[in-house]
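The block underneath contains the structure these notes are about, expressed in structure tokens.
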Ligand SMILES: [Cu+2]
């Protein structure tokens, strides 16, 4: 029996024996919130060229062609990782310094329309006029070819406002408590992913969303969260859930079309940042591993230590992330129910023996005079619309169930002594 198990393990790891060379150089994707006006202008110049070359049209049509294969399936994470990287590579042919910033959208969740990313000097705001054409920002007055010739459109879902997105604490909880990638994917896809697409509206709420540059910044952020989950759970090669032919496997071909094809590349080649063609990293996520994870790392997960502090918060602002962790840690003492929602924080133990980002002995910030954000309750995210759920072929009951659980999580935080820094 033991022999059979050993043989099966060998066969399994043999199938994954491929390894990839380390990247010669790495580009580090930074938070869009941290870019200077000059850096936005640099991005604008590259996007102008890409637009003239027809790359936005090409990527929008490509995304629409594989839409059903890459949403609501395991391919969601690896496809978008590879897709964004392909676009970034094209930008680097124009400007070797071009790097797609990631948009930590949860940071703007309360009132997304006032986000610094949606201002005239950045992405621009809501569309105007009867056709909701985008008239300001780095894509002002752009035209798009697909699905038919039109102006680039945005149509905020709350009139002049955008309905609330997903609070950072909810994402932190998913990062820490989801031990199955399939569940984490659902939490992200039905949560922050859909919320931002729907919030912006117009092109962003269609399969042609890559017409709007927000798509690439948003998916860079989704990708950052996936990488944080991969490393945080020591599960870099975890891949489960529905695939194109039954259960997904690492040997599946990354969905492609005539417009954007990856020459039959397999999913496994996208799994490790810093290797093969995945030559990028994130300023607020763990750096690539020192060597390509070997078969023993994949098969013998039990030997790894965890959960590491990398899973504590998905927030890109370190000060706020530290406050979040410290305050949840403090609130847990009185409300043990939070331990299940934030197992990473619960594992920190008493402050004196805490790991890495250990909370201070006294959570001064939580006990100090009320500041402008103190005492504010966390607000619920807007639910996905039925049209969105149908467009993606999601199971509405499943989406509703996860949404209700999310609201419960918010209730538990709001009913505890926790005070959100966001
Ligand atoms: Cu997509």
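FYI, it's all coordinate maths here, none of it is from the lab. This one's a predicted model, so the numbers in the text were calculated from it and none came from an experiment. FYI the Cβ positions are ideal-geometry reconstructions off the backbone, even for glycines, and counts take in every protein chain you see.
Which value at 222 nm does the chain reach when only helices count, each DSSP H run of 4 or more adding -39,500 (n - 2.57), with the total divided by all residues and rounded to the nearest 500 deg cm²/dmol?
On the way: 16 runs with 168 residues, N = 422.
After summing the helix terms and dividing by the residues of the chain, the value is -12000 deg cm²/dmol.
Checking the a/c ratio against 1.5 first, then a/b against b/c, what shape does the Cα gyration tensor give for the chain?
Values: a/c = 1.57, a/b = 1.08, b/c = 1.45.
Since a/c reaches 1.5 but b/c is at least a/b, the shape of the chain is classed as oblate.
Among bridges DSSP assigns within the chain, what percent are antiparallel (round to 5)?
Within the chain, antiparallel bridges account for around 70 percent of the total.
Listed highest first by mean packing, meaning other Cβ atoms within 10 Å per residue, what order do 89-95, 242-248 come in? Walk me through the intermediate numbers first.
Numbers: 89-95: 15.0, 242-248: 13.3.
Output ranking for 89-95, 242-248: 89-95, 242-248.
Is the shape of the range 48-127 best called rounded, prolate or oblate, per the rule: a/c under 1.5 gives rounded, else a/b larger than b/c gives prolate, else oblate, with a ≥ b ≥ c the square roots of the Cα gyration tensor eigenvalues? If you can, show how the numbers build up before the last one.
Numbers: a/c = 1.75, a/b = 1.15, b/c = 1.52.
Here the range 48-127 falls in the oblate category.
So how much slack lies between residue 247 and residue 49, counting 0.36 nm per residue of separation and subtracting their Cα-Cα distance, in nm? Walk me through the numbers on the way to the answer.
Values: separation 198, 0.36 × 198 = 71.28 nm, distance 4.04 nm.
Extra length from residue 247 to residue 49 when fully extended: 67.2 nm.
Checking the a/c ratio against 1.5 first, then a/b against b/c, what shape does the Cα gyration tensor give for the range 90-180?
Numbers: a/c = 2.07, a/b = 1.33, b/c = 1.55.
Taking the square roots of the gyration eigenvalues as a ≥ b ≥ c, the range 90-180 is oblate.
Take each of the peptides 407-415, 65-73, average the number of other beta-carbon atoms within 10 Å over its residues, and list them starting from the highest. Present the calculation step by step, with values, prior to reporting the outcome.
Values: 407-415: 16.3, 65-73: 19.1.
Result, highest mean Cβ count within 10 Å first: 65-73, 407-415.
Residues of the range 210-244 with amide nitrogen under 13 Å from the 7 Å Cα-to-Cβ point of residue 140?
What the label zone holds, given the 13 Å backbone N cut-off, is no residue at all.
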